[in-house]
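Participant: Pasting a structure here, questions to come.
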Amino acid sequence: MSRLRPDLAIIARNVEPGSRVLDIGCGDGVLLAALRDERGCNVHGMEIDAENVADCVAKGLSVIQGDADRDLVFYPDASFDYAILSQTLQTTKRPDRVLEDLLRIGRRAFVSFPNFAHWRVRLSLLWGGRMPVTRLLPVAWYETPNIHHLTISDFRALAAERGITIERAWFLAGDRHMGEAAANFRAEHAIFLVSR
C-alpha cells in the first residue's frame, strides 16, 4: 500500500478490491486515491474543508463538500460497500447518529479515532491537571476540533447498545500494532470494522 498514515493503511488493506467506498471526512483524498489506484475501488468522498475538496478534485477524485452531521441523510440506504470515518467521529456533534448513518449507507463501516483513555492522556490530566497535547492530539484544548472525548471502551459500549457488530478491531501504540490486552489503557488509536 502506498505510504499512508498507519490507521489508513490498515483500512486500505482490509477493503475488498473493487468495492464501492464512501470516505466521510476524506481530507486531501490520500486514502481514496490509494483505494482507487491500488485496490480498484469505486471511490467517493465527503469533506467539510473547501481547500481539501479542491485538492481531491485536482487528483481526479469524486468528492463533494459536506458535513457529516447534516449531509449523510442525503445518501440512499445501502449505496456503498464501505463507509469510512477516520479520525472524524470525535469531531461530530452527534457521533451516535453519524454511526447509524454510516451503517445505513454502507454495508460495513470503518471507524478510527484517537483513544482519550490512553495512559499519556490520563497522566497529563492526573499530574498536570491539563488537557494533553500529544502526537495524535497536537493542539491545545481551545483549538481542537475534538468535541467528544471517546475511548475504546466508550465505542464498544455504544456498539453494544445500538446492536452494532464489531467484526474486527486494530489498535496502535505510536505507529505500531498492538494486541487487544489493555488496549483502552495502552492504545493511542483504534480502528474498528463494524456492521449490522
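Participant: Show me, bin by bin at 10 Å from 0, the whole-percent P(r) of the chain based on Cα pairs.
Facilitator: 9, 36, 38, 15, 2
Participant: Using the Cα centre of the chain as origin and beta-carbon charges of +1 (Lys, Arg) and -1 (Asp, Glu), tell me which of L172, T92, I10 is placed farthest towards the positive end of the dipole.
Facilitator: So the residue furthest toward the plus end is L172.
Participant: Please compute the net charge surrounding T88, taking Lys and Arg as +1 and Asp and Glu as -1 over other residues with Cβ under 11 Å from its Cβ. Could you put the intermediate results ahead of the total?
Facilitator: Values: positive: none; negative: D23, E47, D67, D69.
Local net charge: -4.
Participant: If you take every DSSP beta bridge whose two residues both sit in the stretch 27-186, what share of them, in percent to the nearest 5, is antiparallel?
Facilitator: Roughly 25 percent of the beta bridges in the stretch 27-186 run antiparallel, per DSSP.
Participant: Between T151, T92, T134, where does the largest GNM mean-square fluctuation fall for the chain, given springs only between Cα atoms within less than 10 Å?
Facilitator: Between T151, T92, T134, it is T134 that shows the largest mean-square fluctuation.
Participant: Can you give me the orientation-averaged projected area of the convex hull built on the Cα atoms of the stretch 87-170, in nm²?
Facilitator: Average of the hull's projected areas for the stretch 87-170 equals 6.0 nm².
Participant: Also, quick follow-up: From the backbone phi of the stretch 52-57, what are the Karplus-calculated ³J(HN,Hα) couplings (6.51 cos²θ - 1.76 cosθ + 1.60, θ = phi - 60°) in whole Hz, Gly and Pro given as x?
Facilitator: Result, ordered by residue: 5, 4, 4, 4, 5, 4 Hz.
Computed from the coordinates by the stated procedures, all read-outs in this text should not be read as laboratory data. Note that the structure is a prediction, hence the values are computed from the model and not measured. Cβ coordinates were reconstructed from backbone atoms using ideal geometry, including for glycine residues, and neighbour counts include every protein chain displayed.
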